[in-house]
1. Pairing the Cα long axis of helix 15-27 with the longest principal axis of the chain, what angle in degrees results, from 0 to 90 and rounded to the nearest 10?
2. Which of the peptides 30-37, 286-293 is most tightly packed, and how do the rest follow, judged by the mean count of other Cβ atoms within 10 Å per residue?
3. Roughly how compact is region 319-447, stated as its Cα Rg over 2.2 N^0.38 Å to two decimals?
4. Distance in nm between label sites at residue 48 and residue 23, each 7 Å beyond Cα in the beta-carbon direction?
5. Given a cut-off of under 8 Å on Cα pairs at least six residues apart, what relative contact order in percent is computed for region 319-447?
6. Give me the angle, in degrees from 0 to 90, between the Cα long axis of helix 64-74 and the longest principal axis of the Cα atoms of the chain, rounded to the nearest 10.
7. Over the chain, what is the percentage of antiparallel beta bridges among all DSSP beta bridges, to the nearest 5?
8. Can you give the convex hull volume of the alpha carbon atoms of region 201-251 per residue, in Å³?
């Protein structure tokens, strides 16, 4: 953003200082206003929109710390820099504790002022743009349980944003329970085919002798029991999306016929001599390594390349632990409503156990654990005792120093990112994270979180 899009307020009871900073920052292109006392500064902050305030610490009447507190009450996203001629660690720490973004020592060096102001405004812009992007991506492509804030899942959202408008086939890779089916639904519901059918079939759940007739349909008399013509799922998906789940388990003979559908659009029902035509976008998914399957002769290489035009990898839950709390709270709220229970949330101790568990069953397992806990909970929040014993015991056995470090890193990252998004307002951060202020301060101290 250009400098003239930012508005700065300079507060100092020494008018020469105010004028000097006004001149300095105006030359940089910022729009600058001045106030010669704290009361006037607060009035201006109440009536005008400012991006950044530079306030002296020691002033007659209302002090700089009081201006800081009032300013952040009025606008929690405001950047506040405190100036002091008393270069004591105590005054700087006190200002930072109360929400100041930085401090300057008088007599200040012009280049230091310009660099500090530019850095903080640029950082604020990046944080806010990232926050908006995350919200937009999550709102647009988040679906049911497919939600998250981790960089890994946001990368998936960004990939989907690029490929959804195309006609290309998509191959979704991921372990069982990671949400591959939900990704397929997201692709369809946001594509140009969203008003047409979305047909899903699990290739591993249907016996080989029935899978072909389900997909391609059949003519009356094609086999014993075929008393009428039946339309196949591929034809039913015409103009829409066909989701082939667990395609790695599809028999080789049937793979050749799916390849023909992709290449020609022709669908030959079982027992028929006349092909039908179907225009379908194929989204396939598997938890297997198809390249290994090809090497073993279990999957056709030509089909693999026709399916794998766009590859979307869904990371397992253990690799995106930032999403555990988001998902767990989402499931708790959803299950509470479904079961007529009043569960306010999940305790810190219970959440720590959820963080430490490896989740081999991924999102599906987490959802089941939270649903069970909601049904059995006797209080107003989920506690460790409400979690299955296997979760508690395995977590306890596996919580090595390394894992604790990883958990603390994730927690620290979430808290710091939320603080940055709220311009280091502890009150707003506590509300967003759904913890009380005392808990937040305790965690900030424990994790050694500092601004910058």
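1. 40
2. Peptide ranking by packing, descending: 30-37, 286-293.
3. Output field value: 1.05.
4. Here the answer is 2.0 nm between the modelled labels.
5. This gives 23 percent for region 319-447.
6. The answer is roughly 40 degrees.
7. 10
8. Given the Cα convex hull of region 201-251, per-residue volume reads 69 Å³.
Taken together, the values in this text are just the output of simple stated rules run on the coordinates, not laboratory data. What you see is a predicted model, and the numbers here were worked out from it, not measured in a lab. Don't worry about glycine lacking a Cβ; one is built from the backbone with ideal geometry, like all the others, and counts go over all protein chains shown.
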